[in-house]
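See below for the structure under consideration.
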Amino acid sequence: MTGKELQKKLGWEFPDIAKKYPEQLEEAGRFCEGYKEFLNEGKTERECVKKAVELLEAAGYRPLDKNASYTAGDKVYMVNRDKALIATTFGREPLEKGLRINGAHIDSPRLDLKPNPLYEKEGLAYFKTHYYGGIRKYQWGTVPLAMHGVVYLEDGSKVEISLGEKEGDPVFCVTDLLPHLAGEQSGRKLSEGLKGEELNIVVGSLPYEDQEDVKEAVKLKALALLNQYYGMTEKDFLRAEIEMVPAYKAVDVGLDRGMIGAYGQDDRVCAYTALEAEMDVKEPFYTTVTILTDKEEIGSVGNTGLHSDYVLHYIETLAEMAGADVKEVLTHSLCLSSDVNAAYDPTFASVYESRNSSYAGKGCVLTKYTGARGKSGSNDASAETMARVIRIMDEAGVCWQAGELGAVDAGGGGTIAQFVAMMDVDVVDLGVPILSMHAPFELASKLDVYHTYLAFRAFYSAS
Ligand code: MN
Ligand code: MN
């Protein structure tokens, strides 16, 4: 055997999908049209749940009925407080053989309005914000923003807000200094380029028509318009959840259109691919549990985040209905914690370790552990779990790669994996490599999106 032959036999390198399977580009592009639509219609966790329910209902799913009895191929879902969702296709095997669980999150970094947000200063009306999730604050200045959310009025009625998305809608914006006057600001640390209390959003510039005895006429005009559009008053902000998110739509990136650029791809890219795979599966071997969860970006807290017991309770319900021991169900289950990873960025090579990074265009990325400072806060999947997932993907011809989130001690991060593991479930992270993660405009390779979908489909179908 020549050295070259031996090298091929013993060595391993992850292939470039576009070089190995150029014929897949077209199918990946087609798949991503649906993904772009999902991104455009789901800019908040609530909107993602709404869109997912629409898709699930159309695919024959019905709300889980505790008094019904289900057989292989039956499809159900459960919504948690309009912000998270679980979908299931019943399998042929008894529940004690374990579930195939796939969890992605549908919340993304953004600017939330403070409880008392509206004020006027020197003839301009603003919203005060408190950012949600890990953002680089300087990136959010001068970005067109849309206003999304819900507000409950005095009479108890619920009003949904989505302003800044349709053609002709007004948008909103955080201002930044002109370079001519930014001498002092430019000397700040980048993390303070824009400070938290500087993330103030311009919402108005004109005074209310009748200004007699009115102190803040511009603020009043903004309130009058909010009242006209949504029936709300200033007090109603206290009964609202309003999220300011980038106003633009998902688009193709590059002359070759090989990538998608959009807000919120972390982690709606895994949510969409998981949902599509869930809907595709007919009569799987194992019962599936597809979770679209909330609050991952702030530590999976709250009762719509994975740290709460809502998933456990759902699985307990399934077990009770089937007369199965929930402990047996959980201990035999396998879960993908489906979340994005940082794609290697050649411009900022020093924070990556090139042999252990994921690359745009090499497929979905299997992440054995996340965490920081010695894997702290990670799940660290076992060799056994890695072997099971790798076998499923290899047998289905999925292009996958392995990668860490950056070089050792360069930073780090966490996912829902640790909370799934707390239920005594085997779990590993899998997702799409992303460039500019958490920025108002994130990039993903269409081929990676498509192969993540293929991975999820294989995961649900495999015996
Ligand atoms: Mn994520
Ligand atoms: Mn994230």
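Looking only at the range 300-315, decide whether some residue is under 20 Å from Tyr450 (Cα atoms) and within 16 Å of ligand 2 (Cβ to nearest atom).
Step one: filter the range 300-315 for residues under 20 Å from Tyr450 (Cα atoms), giving none.
Looking for residues that are under 20 Å from Tyr450 (Cα atoms) and within 16 Å of ligand 2 (Cβ to nearest atom), one finds none in the range 300-315, hence no.
With the requirement that a residue be within 15 Å of ligand 1 (Cβ to nearest atom) and either hydrophobic (A, V, I, L, M, F, W, C) or open to solvent by less than 10 Å² (accessible area, probe 1.4 Å) (or both), what does the range 407-426 give you? Within the range 407-426, Ile416, Ala417, Phe419, Val420 meet the criteria.
Pick out, from the range 1-83, the helices (runs of 4 or more DSSP H) lying fully within it that include 1 or more residues that are among the hydroxyl-bearing types (Ser, Thr, Tyr).
The helices (runs of 4 or more DSSP H) meeting that bar are 24-41.
Taking the range 84-134 as the search range and keeping residues that are within 22 Å of Asp236 (Cβ to Cβ) and open to solvent by less than 20 Å² (accessible area, probe 1.4 Å), which one is farthest from ligand 2 (Cβ to nearest atom)? My answer is Ala125.
Among Glu160, Glu165, Glu243, which is under 21 Å from Ile135 (Cβ atoms), assigned to a strand (DSSP E or B), modelled with pLDDT of 95 or more and within 29 Å of the chain's Cα centre (by Cα)?
Details: Glu160 fails: under 21 Å from Ile135 (Cβ atoms); Glu165 fails: assigned to a strand (DSSP E or B).
Result of the check over Glu160, Glu165, Glu243: Glu243.
Which of the residues that make up the range 437-463 are closer than 14 Å to Val269 by Cα and within 16 Å of ligand 2 (Cβ to nearest atom)? If the condition is that a residue be closer than 14 Å to Val269 by Cα and within 16 Å of ligand 2 (Cβ to nearest atom), then Met437, His438, Phe441, Glu442, Leu443, Ala444, Thr452 are the ones that fit. Residue count for the range 291-341 under the criterion of being within 16 Å of ligand 1 (Cβ to nearest atom) and among the charged types (D, E, K, R): the result is 5. Yes or no: the range 46-64 includes at least one residue that is touching a residue at least 24 places away in the same chain (Cβ under 8 Å), open to solvent by less than 10 Å² (accessible area, probe 1.4 Å) and within 16 Å of ligand 2 (Cβ to nearest atom). Yes, some residue in the range 46-64 is touching a residue at least 24 places away in the same chain (Cβ under 8 Å), open to solvent by less than 10 Å² (accessible area, probe 1.4 Å) and within 16 Å of ligand 2 (Cβ to nearest atom).
Condition check: of a type in the set (Gly, Ala, Ser), more than 16 Å from ligand 1 (Cβ to nearest atom), farther than 21 Å from Leu220 by Cα and not in a strand (DSSP E or B). Does Ala87 satisfy that? Judged against the criteria, Ala87 is not a match.
Of all the residues in the range 319-355, those that are open to solvent by 20 Å² or more (accessible area, probe 1.4 Å) and part of a helix (DSSP H, G or I) number 15.
The values are calculated or read from the model by the stated rules, or taken from the named source; none is laboratory data. Everything numeric here is computed off the predicted structure, so don't read it as measured data. No Cβ is skipped: glycine too gets one built from the backbone with ideal geometry, and neighbour counts run over all protein chains shown. With ligands, DNA and RNA removed, areas are computed over all heavy atoms of the protein, side chains included. Shrake-Rupley method; radii C 1.70, N 1.55, O 1.52, S 1.80 Å.
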